[in-house]
Amino acid sequence: MSLLEVRQLKVAYGGIKAVRGVDLTVAEGELVCLIGANGAGKSSVLKGLVGLVQHGGEVRFAGERLTGRPTHAIAASGVSLVPEGRGIFARLTVAENLDMGAFVRRDRTAVNIDRQRVYELFPRLAERRGQMAGTLSGGEQQMLAIGRALMSGPRMLLLDEPSMGLAPLMVQKIYETITRVAGEGVTILLVEQNANLALHVSQRAYVMESGEVTLHGASAELMSNPQIRAAYLGE
Amino acid sequence: MDIFTQQLINGLVLGSIYALVALGYTMVYGILELINFAHGEVTMIGAMVALSVIGLLMGAAPDLPGLMVVLAGVLVAIPACMLLAFAIEKMAYRPLRKAPRLAPLITAIGVSIILQNAAMLIWGRQYVSFPRILPEARHELFGAHITDLQIAIVALSLLIMAGLWLLVQKTRLGRAMRATAQSKEVAALMGVNVDRVISATFVIGAALAAVAGVLVSAYYGLAHYYMGFLLGLKAFSAAVLGGIGNIAGAMLGGLLLGVIEALGAGYIGDLTGGFLGSHYQDVFAFFVLILVLVLRPSGLLGERVASRA
Ligand SMILES: Nc1ncnc2c1ncn2[C@@H]1O[C@H](COP(=O)(O)OP(=O)(O)O)[C@@H](O)[C@H]1O
Ligand SMILES: [Mg+2]
């Protein structure tokens, strides 16, 4: 059984149908990517999953229905979204941002262990723990956003365009981290416009166009698909 | 007697009350960008409830020390105001959370009128006097006088403000409040129940208002169903002066406004050659408000400009 099961997800903003019936599954331990052009509806899928926007269809996580639950309850059930544009708390310190990530956890010892793990993963964050998060560079903010999501001890990470607006070296660093986190057993749904990157690190992929999934399959196969190469890999 | 020192003391006393009320405005604005005009009325209700309790107790147990009686009044007024603010947020503001900004603003004015009228029906149109049951000793300080009550007002206010600062900076709830003020969506993604944090913000502000209401009525010796209007407007001016949305700003703005007002009242006669008397002291708050809005809309400590509403 899949950890995440999405059936006929629909999201609309007033009259604009942003997601028109998307089916999608992610198995435990998998790294699956969702790629598509700007405006395809990728972010809307993630927002629907975590209840940030109203949606039709059904979302199940670990067998439980998430549809209709408030966002804070979904977050507490082990799904953690790193939003597009990172969404760090600029006027909280780096350490306080990480504490917010662990907001629903009561087990102090486990939280401390995870905090150490995040600081090891991103030594830069450890150096700047007392600094206001708004003073960090874009790449550091992305590290913080991912680190903060890890602080919740998630079973599943939803990443919305983690490479957006970053210098190539920083993108590489972020992707190394994503692979490492996936290697530690965290299930990941990765949304990207940068198809090349996403297809390289993922096992399976979904391609979205105008609110619908038009293709899906093993990432390696999609990479050699001429249609994909033409549309998303710039060939 | 040194007029300057005396007015400085009077100003700090008044200012610490303004600060307590201003905090309620600024905390709610910080989280909802809503100017909760009903907050002044919550302060008034605090005073009225406390005075009712004080009156009842004095009748029922005439031997009780005055301080205990007033304390009992405060201890009833606080939860009463907390409950009131909780209900106001839930019934009047929450349904309008996603409405255009003007809707909750007009609702706030409506709530404030309803509360004034309710208070008038319950407690009448007359001034309710605060019984003289508190110690009234006067002390010398730097060539000026300060009363026990004045000392108590400043000390209690500073204590409460320090407590609030600790709550906001050091506790889990405080962190959630600051996070929610920055982004409700992301706070929810962290597992924060945003509705509950918003309720908590209103309720904490109301607790401070209840104390402020009792203090101000003890200071002036009276309370009135309409007292929340001017007090609220002044506290709002103080919050704007400090930078609305900024907690340290509300504390600073309150104290500063009190001092400006007291010094202004002390010297306005001299400055205008006797043309305007000290009863014009209320104009200073609005003079300050207008000056701030024109010269520095973000206030003394504010970063963001309160451009809308
Ligand atoms: N809050 C919103 N209000 C109205 N339309 C929106 C909103 N968010 C997204 N949309 C629209 O929905 C469509 C999908 O957007 P989005 O999910 O952000 O796509 P992607 O993440 O793939 O770039 C776009 O046409 C976008 O303009
Ligand atoms: Mg997007």
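Sub-8 Å Cβ pairs linking a first residue in segment A:77-99 that is more than 8 Å from every other protein chain (Cβ to nearest Cβ) to a second residue that is within 16 Å of ligand 2 (Cβ to nearest atom) and in a loop (DSSP other than H, G, I, E, B), at least 6 apart or interchain, are A:79/A:50; A:82/A:162; A:84/A:161; A:84/A:164; A:85/A:164, ordered by first then second residue. Of all residue pairs spaced 6 or more apart or on separate chains, those with beta-carbon atoms under 8 Å, a first member in segment A:37-51 that is closer than 14 Å to residue A:8 by Cβ and a second member that is near ligand 2 (Cβ under 8 Å from one of its atoms) are A:45/A:191.
Among the helices (runs of 4 or more DSSP H) confined to segment A:131-235, the ones with at least 3 residues that are open to solvent by less than 10 Å² (accessible area, probe 1.4 Å) and not basic (Lys, Arg) are located at A:138-150, A:168-183, A:195-201. Only one entry in B:173, B:134 is closer than 30 Å to residue A:53 by Cα and either touching a helix residue (DSSP H, G or I) at 6+ places or on another chain (Cβ under 6 Å) or within 14 Å of chain A (Cβ to nearest Cβ) (or both), namely B:173. Is it the case that some residue within segment B:185-196 is part of a helix (DSSP H, G or I), in contact with a Leu (Cβ under 7 Å, 6 or more places away or on another chain) and modelled with pLDDT of 95 or more? Looking for residues that are part of a helix (DSSP H, G or I), in contact with a Leu (Cβ under 7 Å, 6 or more places away or on another chain) and modelled with pLDDT of 95 or more, one finds at least one in segment B:185-196, hence yes. Take residue B:40 and tell me if it is at pLDDT below 95 and either assigned to a helix (DSSP H, G or I) or open to solvent by less than 20 Å² (accessible area, probe 1.4 Å) (or both). Here the answer is no, as residue B:40 does not meet what is asked.
Taking the numbered list (1) open to solvent by 40 Å² or more (accessible area, probe 1.4 Å); (2) part of a helix (DSSP H, G or I) in turn, residue B:100 passes all entries but (2).
Looking at B:152, B:137, B:162, B:77, just one residue is aliphatic (A, V, I, L, M) and over 19 Å from the mean Cα position of the chain (by Cα), and that residue is B:137. Count of segment B:86-117 residues, restricted to those that are over 20 Å from the mean Cα position of the chain (by Cα) and among the hydrophobic types (A, V, I, L, M, F, W, C), is 7. Remark: pairs (first residue in segment A:143-167, within 14 Å of chain B (Cβ to nearest Cβ); second residue among the small types (Gly, Ala, Ser) and within 16 Å of ligand 2 (Cβ to nearest atom); Cβ separation under 6 Å; 6+ apart in sequence or on different chains) = A:160/A:43.
Hey, does segment B:146-156 have a residue that's open to solvent by less than 40 Å² (accessible area, probe 1.4 Å) and within 9 Å of another protein chain (Cβ to nearest Cβ)? Looking for residues that are open to solvent by less than 40 Å² (accessible area, probe 1.4 Å) and within 9 Å of another protein chain (Cβ to nearest Cβ), one finds none in segment B:146-156, hence no. Being in contact with a Pro (Cβ under 9 Å, 6 or more places away or on another chain), closer than 16 Å to residue B:179 by Cβ and open to solvent by 30 Å² or more (accessible area, probe 1.4 Å), is that true of even one residue in segment A:61-81? Checked against the condition, which is being in contact with a Pro (Cβ under 9 Å, 6 or more places away or on another chain), closer than 16 Å to residue B:179 by Cβ and open to solvent by 30 Å² or more (accessible area, probe 1.4 Å), segment A:61-81 yields no hits at all.
The residue list B:198, B:247, B:204 contains one member that is among the hydrophobic types (A, V, I, L, M, F, W, C), within 14 Å of another protein chain (Cβ to nearest Cβ) and open to solvent by 10 Å² or more (accessible area, probe 1.4 Å), which is B:247. Answer with yes or no whether residue A:114 is under 24 Å from residue B:178 (Cα atoms), acidic (Asp, Glu) and open to solvent by less than 70 Å² (accessible area, probe 1.4 Å). When the stated conditions are applied, residue A:114 passes them.
The values are calculated or read from the model by the stated rules, or taken from the named source; none is laboratory data. Small disclaimer: the values here were computed from a predicted structure and weren't measured. Reconstructed Cβ throughout: ideal geometry from the backbone, glycine too, with neighbour counts over all protein chains shown. Surface areas here come from the heavy atoms of the whole protein model, side chains and all, with no ligands, DNA or RNA. Shrake-Rupley method; radii C 1.70, N 1.55, O 1.52, S 1.80 Å.
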